[in-house]
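The values are calculated or read from the model by the stated rules, or taken from the named source; none is laboratory data. As the structure is a computational prediction, the values presented were derived from the model and not from experiment. Cβ placement follows ideal geometry from the backbone for every residue including glycine, while neighbour counts extend to all protein chains displayed. Ligands, DNA and RNA are stripped out before the accessible areas are found, and what is left, the full protein with its side chains, is counted by its heavy atoms. Shrake-Rupley method; radii C 1.70, N 1.55, O 1.52, S 1.80 Å.
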Amino acid sequence: MAFFLNREQYKAAFFALTQKNQRFLRLFIALLSISGCAGCLLNWSLLTYWTIPGIALDLTWLYWTLALKKAPSFYFACIPIAFWFVLIFDGLDVVSVFSSPDSFGPTAITSVVNLLLIAIFSRAIFIYRKQLRELKSRATIDITEAEK
């Protein structure tokens, strides 16, 4: 029984969305990438050996968002993952600022911006997740019918 979609099905689900929702998802990832780069550059005390690869990864996501035809298929699978990643980790960062106001800094600002991006683009993200669930249920039905 198939529980997971392959990477090509994520791409198919993305392109099955309306142009408006595709644009919203692309804008979400682009702004998230820009926010990630800005967060790394604003906090000079966190400039470590992880900063350069982090900025390179954010710029790669931005490039793939702008040149969607060149994006690999796993890019489309990472859109829902980015949503949960931001929601959990940036949400925890904002909660820690409320519990200890002394920890407020550039990373807290980018965390708030990222959470605002989720709030703004959540409808398109949930529509994409719904499209993925429909593809998954169709794939499961096809496999069970083939087994009969």
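So the values come out like this:
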quantity	calculated
Filtered residue count, region 32-57, keeping only those that are at pLDDT 90 or above and open to solvent by 60 Å² or more (accessible area, probe 1.4 Å)	2
Residue in region 89-102 that is among the aliphatic types (A, V, I, L, M) and touching a residue at least 40 places away in the same chain (Cβ under 8 Å) present	no
Qualifying position, being in a helix (DSSP H, G or I), modelled with pLDDT of 95 or more and either out of contact with any Pro (no Cβ under 8 Å at 6 or more places or on another chain) or of a type in the set (D, E) (or both), among K11, K20	K20
Condition met for L62 (without any contact (Cβ under 8 Å) to a residue 60 or more places away in the chain, aliphatic (A, V, I, L, M), surrounded by 13 or more Cβ atoms within 10 Å (Cβ to Cβ) and over 25 Å from T107 (Cα atoms))	no
Residue among F74, F24 that alone is closer than 19 Å to Y128 by Cβ, touching a residue at least 60 places away in the same chain (Cβ under 8 Å) and loosely packed, with under 13 Cβ neighbours inside 10 Å	F74
Condition broken by I81, with the remaining ones in (1) farther than 15 Å from Y10 by Cβ; (2) without any contact (Cβ under 8 Å) to a residue 12 or more places away in the chain; (3) part of a helix (DSSP H, G or I) satisfied	(1)
Among residues of region 86-119, those that are farther than 16 Å from I34 by Cα and either assigned to a helix (DSSP H, G or I) or not polar (S, T, N, Q) (or both), counted	18
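Table: residues versus (1) more than 15 Å from I29 (Cα to Cα); (2) open to solvent by 40 Å² or more (accessible area, probe 1.4 Å).
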{"position": "I81", "(1), (2)": "no, yes"}
{"position": "W84", "(1), (2)": "no, yes"}
{"position": "F89", "(1), (2)": "yes, yes"}
{"position": "L92", "(1), (2)": "yes, yes"}
{"position": "I127", "(1), (2)": "yes, yes"}
{"position": "L132", "(1), (2)": "yes, no"}
